[in-house]
Amino acid sequence: MFNKIQLITYLERLGCKNMTELTALVGNELKGLVAGIHLLPFYYPFDGEDAGFDPIDHLSVDPRLGEWLDMIELGREVQIMADLIVNHISSKSKQFKDYLKHGEKSKYANLFLSFDKVFPKGATKEELSKIYRPRPGIPFTTFKFEDGSNKSIWTTFTSNQIDIDVNSYEGRNYLEDILNRFQRVGIKMIRLDAAGYAIKKKGTSCFMIPETFEFINDLTEKARQRGIIVLVEVHSHYKTQIEIAKRVDYVYDFALPVLVLDTIFNQDGSNLRKWLKISPRNAFTVLDTHDGIGIVDVAKEGNKAGLIESSRLDNIVEQIHINTKHQSKKATGIAASNLDLYQVNCTYYDALGRNDMYYLLARAIQFFVPGIPQVYYVGLLAGENDMELLAKTNIGRDINRHYYTKEELNVALQKPVVKRLKELILFRNTYPAFNGEFVLHSTEPHILKISWENHKYVATLFSDLKTGQFEISYSDLSGKIIKKSF
């Protein structure tokens, strides 16, 4: 894996119509900026009810975007990461349609997880209340079969996303077929999407239980046998992330986005420093993704303390709403059709009140903390909340999923804040110190000082959080110290 900036994007929302155009964009306008791309679902259909995370056919590229040969061409420019959607498949898939038609006689019957597979004798209210779900209600949908019978099926996210029985022979084969396809087309890295929900067991929360870790271990080993690196996506208590990191190639540092906001809003890097002393080093660092800004990743869980004290965390969320003139409130929680009530939906640029200095400081922190930095396409362009798209779809996360035209993309790339961000990215991609040792300096709470040292090369980020101003100093081959303000 290249220790350089990675881009996470939807293909069709970055001023491109297909993979050929994206390949051209990477080789021209974005040349030198991204070493890899996490290409969000491009399977058929890429524009389903959950923006491609409800695949009808996980083995095919949506023909409107291209084909596998185009993916191979893109892979010659950058390293590609693809999603392996482990928990569910679309209700419109041929497999589920066949199941509705033939019932238990369908060859796909064992692919799906029904209520009675987990609760053969039924479930008590207490057992159902234990099940963790990212949205209100119970995770089941009743479907009517062709013979007139009804059956309750697990649908953790939406009624269109049918949960897979990953412990069945058919479920294991389904996932391995996808891995085999990825291997054949040269995809070197995958993100396990919704892996935390994949295992269901009576009497448990059905989320990140011990058997889930075993499942992740097993799937990770199967990927590694095919030369594929695994990134696990789980929003949960920070100690869970630390535990997962011990078992896989990479995890997300989902605590970082809120900790950076905490550092800037409160002019105090204490919580961030505490995290950096224990955070997994095999991490992808993010400030923004196609989902919202996760709160559970820094919050307390039961009797387990979080990374940020509860009242302070509440104030951070409220400050985001103030900075966005309450646009984020319209897109968060029960205000819109959200799958996750524990995230704040808005662009990171808006979360910081569209303040260029604070935004660049936030990115500088991201690029200097341990891990491989991943930048979301809207964040790369310092994008603003798309209230028009939110009003059109009433899907909270769409506030941060703007469809850029080619013209909008070119204009955004010329914005002063984006030009300075590109300078930061090029520095992070090319300066040798970032392949060395991380140094966290002891300072007063309002001072943040982070360094990387690699023999003669030393890079330091210094910021007085009371002003938000920062500078980066680095040494050249002769040992001369060069200071640069962004």
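The values are calculated or read from the model by the stated rules, or taken from the named source; none is laboratory data. The structure displayed is predicted, hence computed values, not measured ones. Quick reminder, even Gly has a Cβ in these numbers, built from the backbone with ideal geometry, and neighbours come from all protein chains shown.
Among the residues in the stretch 436-448, are any within 30 Å of the chain's Cα centre (by Cα), closer than 25 Å to K31 by Cα and surrounded by 14 or more Cβ atoms within 10 Å (Cβ to Cβ)? Give the derivation first.
Initially, the stretch 436-448 is screened for residues within 30 Å of the chain's Cα centre (by Cα), giving 436-441, 445-448.
Filter once more, so that each one left must be closer than 25 Å to K31 by Cα: 436.
Those left that are additionally surrounded by 14 or more Cβ atoms within 10 Å (Cβ to Cβ): 436.
The answer is yes; a qualifying residue exists.
If only one of F140, F157, F145 is among the hydrophobic types (A, V, I, L, M, F, W, C), surrounded by 14 or more Cβ atoms within 10 Å (Cβ to Cβ) and over 20 Å from F207 (Cα atoms), which one is it? Show your work before the answer.
Numbers: F140 fails: over 20 Å from F207 (Cα atoms); F157 fails: over 20 Å from F207 (Cα atoms).
Exactly one of F140, F157, F145 is among the hydrophobic types (A, V, I, L, M, F, W, C), surrounded by 14 or more Cβ atoms within 10 Å (Cβ to Cβ) and over 20 Å from F207 (Cα atoms), namely F145.
Looking at (1) crowded, with 17+ Cβ neighbours inside 10 Å; (2) modelled with pLDDT of 95 or more; (3) not acidic (D, E), which is the one condition that is false for K101?
Unmet condition: (1).
Any chance you could count how many residues in the stretch 188-244 are part of a helix (DSSP H, G or I), of a type in the set (G, A, S) and over 23 Å from T158 (Cα atoms)? Steps first, please.
Going through the stretch 188-244, the residues part of a helix (DSSP H, G or I) turn out to be 195-197, 210-225, 238-244.
Cutting the leftovers down to of a type in the set (G, A, S) gives us 195-196, 223.
Applying the additional criterion that residues be over 23 Å from T158 (Cα atoms) yields 223.
Number of matching residues: 1.
Would you pick out the residues in the stretch 234-290 that are in contact with a Pro (Cβ under 6 Å, 6 or more places away or on another chain), touching a residue at least 40 places away in the same chain (Cβ under 8 Å) and β-branched (V, I, T)?
T285
Need a quick list: strands (runs of 3 or more DSSP E) entirely within the stretch 76-159 having at least 2 residues that are touching a residue at least 24 places away in the same chain (Cβ under 8 Å), on the phi > 0 side of the Ramachandran plot and in contact with a His (Cβ under 6 Å, 6 or more places away or on another chain).
Numbers: elements: 79-85, 88-90, 140-144, 150-154.
Passing ranges: none, list empty.
What strands (runs of 3 or more DSSP E), lying completely within the stretch 412-468, carry at least 1 residues that are of a type in the set (V, I, T), touching a residue at least 12 places away in the same chain (Cβ under 8 Å) and over 22 Å from S478 (Cα atoms)? Even if it seems obvious, please write down each step before you answer.
Values: elements: 437-440, 447-454, 457-464.
It comes to 447-454.
Please work out if Q95 is modelled with pLDDT of 95 or more, out of contact with any Asp or Glu (no Cβ under 6 Å at 6 or more places or on another chain), more than 24 Å from N217 (Cβ to Cβ) and buried (at least 19 other Cβ atoms within 10 Å of the Cβ). Give the steps one after another, and end with the answer.
Details: modelled with pLDDT of 95 or more: yes; out of contact with any Asp or Glu (no Cβ under 6 Å at 6 or more places or on another chain): yes; more than 24 Å from N217 (Cβ to Cβ): yes; buried (at least 19 other Cβ atoms within 10 Å of the Cβ): yes.
Judged against the criteria, Q95 is a match.
Among all residue pairs at least 6 apart or on different chains, which show Cβ distances below 6 Å where the first residue, located in the stretch 197-209, is under 15 Å from V232 (Cα atoms) and not assigned by TED's automatic domain parsing to the domain that holds K117 and the second is assigned to a loop (DSSP other than H, G, I, E, B) and of a type in the set (S, T, N, Q)?
Y197/N87; Y197/T156; A198/N87; M208/S236
Would you mind stating whether N394 is over 27 Å from M81 (Cβ atoms), of a type in the set (S, T, N, Q) and touching a residue at least 40 places away in the same chain (Cβ under 8 Å)? If you could, list the steps in order and put the result at the bottom.
Working: over 27 Å from M81 (Cβ atoms): yes; of a type in the set (S, T, N, Q): yes; touching a residue at least 40 places away in the same chain (Cβ under 8 Å): yes.
Answer is yes for this residue.
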